[in-house]
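Just below is one structure, and these are the notes that go with it.
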Amino acid sequence: MTNRAMAFMEGAMQEDAPWMCQLSYIKPHWPYIVPAPYHAMYGPEHIIDPIRSNAERDTEHPLLRAYQNARVCRSFSRDHVRTHVIPAYMGLIKQLDDNLGRLFVWMDERGPSEYTIIAFTSDHGD
């Protein structure tokens with residue numbers, strides 16, 4: 001996606017006209033399939049232990065109660081799931097950081113950084 005964005009911007013700059021590029025990375029997102037070398041960068045030693053309390057489950061709010069009872073919430077709160085998912089997620093974030101860094105260096109070298117607005121959005125921000 002990064003290469004395609006750079007190719008698009010390169011072409012748009014040659015046309016000397018206003019342009020917009022929406023670059024939408026799917027990762028980090030489920031499924032947590034992490035390519036090398038990012039798959040091995042983080043492990044259980046990088047995970048901060050959760051602070052758990054039964055008080056956090058005491059709620060009358062129907063939305064919070066439904067979320068707590070949802071399969072995904074119950075799954076991701078299990079220690080063995082956290083041990084596998086968190087390092088994978090961290091690797092995907094590092095991959096995204098590297099690609100954005102590569103894009104920003106490219107933009108700095110070719111000039112679009114001087115006249116481009118970059119807006120970051122997220123669907124839920126795990």
Q. With all protein chains present and a 1.4 Å probe, how do 121, 2 order by accessible area, largest first?
A. 121, 2
Q) With every protein chain present, what accessible area does residue 108 have (1.4 Å probe, heavy atoms only), rounded to the nearest 10 Å²? A) 100 Å²
Q.
Among 69, 99, 54, which one shows the highest mean-square fluctuation when the chain is modelled as a Gaussian network with alpha-carbon springs under 10 Å?
A. 54
Q: Using Kirkwood radius over Cα pairs in Å as the read-out, say which of [x] 15.1; [y] 16.2; [z] 17.8 was calculated from these coordinates.
A: [z]
Q) For region 67-126, taking Cα atoms only, what is the radius of gyration to one decimal and the Dmax to the nearest whole Å? A) 17.3, 51
Q | Solvent-accessible ranking of 13, 1, 6, largest area first, probe 1.4 Å | A | 1, 13, 6
Q.
I need to check one value: relative contact order of the chain, counting alpha carbon pairs closer than 8 Å and at least 6 residues apart, in percent.
A. 35 percent
Q) If the viscosity is 1.306 mPa s and the temperature 10 °C, what translational diffusion coefficient in µm²/s does Stokes-Einstein give for region 1-49 when Rh comes from Kirkwood over Cα pairs? A) 113 µm²/s
(Q) Tell me the accessible surface of residue 93 in square angstrom (1.4 angstrom probe, heavy atoms of protein chains only), to the nearest ten. (A) 60 Å²
Q: Leaving ligands, DNA and RNA out of it, work out the accessible area of residue 64 with a 1.4 Å probe and give it in Å² to the nearest 10.
A: 90 Å²
Q: Report the full-extension gain for the segment residue 63 to residue 7: residue separation times 0.36 nm, less the Cα-Cα distance, to one decimal in nm.
A: 15.7 nm
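The values are calculated or read from the model by the stated rules, or taken from the named source; none is laboratory data. These figures come from a predicted structure and were not determined experimentally. All accessible areas refer to the heavy atoms of the entire protein, side chains included, with ligands and DNA or RNA removed. Shrake-Rupley method; radii C 1.70, N 1.55, O 1.52, S 1.80 Å.
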